[in-house]
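These notes concern the structure reproduced below.
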Amino acid sequence: DTGVSQDPRHKITKRGQNVTFRCDPISEHNRLYWYRQTLGQGPEFLTYFQNEAQLEKSRLLSDRFSAERPKGSFSTLEIQRTEQGDSAMYLCASSLELVETQYFGPGTRLLVL
Amino acid sequence: GQSLEQPSEVTAVEGAIVQINCTYQTSGFYGLSWYQQHDGGAPTFLSYNALDGLEETGRFSSFLSRSDSYGYLLLQELQMKDSASYFCAVRDGSWGKFQFGAGTQVVVTP
């Protein structure tokens, strides 16, 4: 397996547009996480899945953000009506259940103009 | 709630030893992890401590004191490639939610 992949790697959009990002985790990993990272900060937890179930979502996360993992494999993160404050790196990570190690993808860098 | 504190930057010369401290406040504690992130790259896992004591992995070691809510990452025999940001992270009560510190940028000079 080649690791966690994310698509696209870069996205530039205009304020008010919707964007969707995809994450493909390591195939045998049943846990999948989404994080947001801004310059000079650590990854900020957004949400996580165990298989297809979304088990927790950050209270800081606006209703404009939604994530799915329909078949327990890849996941999508959608941001509706983007705002300039959404500009950040969006990271996906996966892990085996009950294992501490998370494997991160390369991220999708979003710029909202 | 949870919070983690770590220094923002540390500078050292090649071959030196650097210690990155991390103090945390958590409602429940399930272990302290460390990740490395190079500029433009993804975070990569370095180590995990669930119990008090020192864990050694090559040139890197990680220490935890649960009674002091404190841990550190020790980087020995520094190399230029060690220039990166290092994050400590703790897991929330559930198995899925992690909180990361703001990161320590390590700058290695010749």
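Just list whichever of A:Lys11/B:Lys97; A:Lys71/B:Lys97; A:Lys57/B:Lys81 have alpha carbons separated by over 30 Å in the model shown.
A:Lys57/B:Lys81
Fewest to most neighbouring Cβ within 10 Å: what's the order for B:Leu74, A:Leu39, A:Leu91?
Fewest-to-most Cβ neighbours within 10 Å comes out as A:Leu39, B:Leu74, A:Leu91.
Excluding A:Thr108 itself, calculate the net charge of residues whose Cβ lies under 14 Å from the Cβ of A:Thr108, where each Lys or Arg counts +1 and each Asp or Glu counts -1.
+1
Can you sort A:Asp63, A:Asp24 so the residue with the fewest Cβ neighbours within 10 Å comes first?
A:Asp63, A:Asp24
Work out the mean other chain Cβ neighbour count within 10 Å for the residues of B:97-103 and drop it here as an integer.
6
Over all Cα pairs of chain B, how is the pair count split among 10 Å bins, expressed in % and running from 0 up to the last occupied bin?
P(r) for chain B, in whole percents per bin: 15, 50, 29, 6, 0.
What percentage of all Cα-Cα pairs in chain A are separated by more than 20 Å?
34
What is the average number of partner chain Cβ atoms found within 10 Å of a Cβ in A:96-104?
Rounded to a whole number, the mean comes out at 5.
Under the definition of partner shielding as Cβ atoms of other protein chains within 10 Å of a residue Cβ, what is the mean value for peptide A:32-43?
Mean partner-chain Cβ count within 10 Å for A:32-43: 4.
Bear in mind these aren't lab numbers, they're just calculated from the coordinates by the rules spelled out. Bear in mind that the values here come from a model prediction, so they are computed numbers and not experimental data. Glycine also receives a Cβ, built like all others from the backbone with ideal geometry; neighbour counts cover every protein chain displayed.
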